[in-house]
Structures are given as C-alpha cells and as structure tokens.
Amino acid sequence: MKERYEFDEGTPLSAFVMGVPGKRTFFLIIGQKEEWVRVWLEKEQLETLALAIDQFLLTLSQKRLISSREVEGTTLSDDVPSGLPSAELEIDQITLGFDQGRATLNFLVHALGPQKIDQAVLNCQATLAQLKKLANQAKVICAAGRPRCIVCGGPIDPAGHICPMNN
Ligand SMILES: [Zn+2]
C-alpha cells in the first residue's frame, strides 16, 4: 500500500453500481490489468461529480479553451479488471483541475481494509472525452432504479423476476 496513487491520461476510468435497489453501492474503477483501484463513493457524491464535470466542460467550452470535438469520440472498456485491486479506497473529497488542455481528477481518499490508511491522494489525469463519458455513466447509473432483465427489459425486483419471455 502507498499513500499516493497516480494514473496517466488515457487510463481506463469508469463508474459502476452494484447491489439491489435500496442497497446499491457505487464505485469508480481507475486503472487496468495489475494496476487498478476501486474507489467507493456515495450516490450523492457520484451525482455531484457528474454535475461538476458537466459544469466544468461547459465552462471550458464557453471560454473556448476546448472545442466540442474534443469531448466526443472515445472508446473505453467498461469491464472491471480481473483480479484484486491495488487498493480499496473511499472518497473524502474530489476536485477537478485543468491545465494546458489536460484535466485532472484529484481525490482525497482513505484506504479500506487491513492496511487502513487515513489519508491518501489519488491523481488521475483524464482526457475531456473520458470525463464526459464518466459523467454520462454516472448519470445513467444514478438515475436507474431497479436493474433491468436482459431478456425482456423489465425491472427486476429484489425478490426476483418472473420473465414473461420465458413463459
Ligand atoms: Zn425478463
């Protein structure tokens, strides 16, 4: 364990949700292969992050620091990397930075687990397209209520789902 985590621009960065309604937990995955971290956060924090990114991109485009083309067109993996993360982190604070065309997500975190660390720093450089995608993912998963059945598209209750397509 270390107290500082650094990720370069282009490192996969995605928002995820798991669990049943009412007990959903939200997290970000940053990194890939052997070097990735899971960052747990509250739904409200994820919603706030999405709004902050939107505002951030809007401000940049209003100041003509970026063109809309820069926030489009990216393909990123949405898979959770295999194996164990380098760290399980929980967010205390998130800030967005921008310098010379590069965005940085700065997180103040603490580490969970046996090697508990009270305060650590995570810096993740991201392209604007990545930020945009992250904000969109966050909005989708925060807005979604019950998970959907992949067969019929209907909502799946905590108690289960009787699929009309299987009858
Ligand atoms: Zn179904």
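If R0 is 30 Å, the Cβ-Cβ spacing of residue 64 and residue 104 corresponds to a FRET efficiency of close to 0.90. Helix content alone sets the calculated 222 nm mean residue ellipticity of the chain: runs of n ≥ 4 DSSP H residues at -39500 (n - 2.57) each, divided across all residues, give -7500 deg cm²/dmol.
Between helix 128-143 and the chain there is an angle of about 30 degrees, using the helix long axis and the longest principal axis of the Cα atoms. Separation of segment 1-63 from segment 129-167 is 19 Å, based on Cα centroids. Remark on residue 127: its backbone amide H falls under 5 Å from those of 10, a criterion applied only to residues 5 or more positions apart or on other chains, H modelled at 1.01 Å from N.
Within segment 13-36, what residues put their amide N at less than 11 Å from the label point 7 Å along the Cα-to-Cβ vector of residue 156? Those under the cut-off are 19-21. Per-residue packing, averaged as other Cβ atoms within 10 Å, sorts the ranges 158-165, 7-14 into the order 7-14, 158-165, beginning with the highest. Here the relative contact order of the chain, from alpha carbon pairs under 8 Å that lie six or more residues apart, stands at 27 percent. Once the Cα atoms are used to define both axes, helix 43-62 deviates from the longest principal axis of the chain by about 50 degrees.
Read-outs throughout are calculated quantities, based only on the coordinates presented, and are distinct from any laboratory measurement. In this text, all values refer to a predicted model and were calculated from it rather than measured experimentally. Virtual Cβ from ideal backbone geometry, glycine too; neighbours counted across all protein chains shown.
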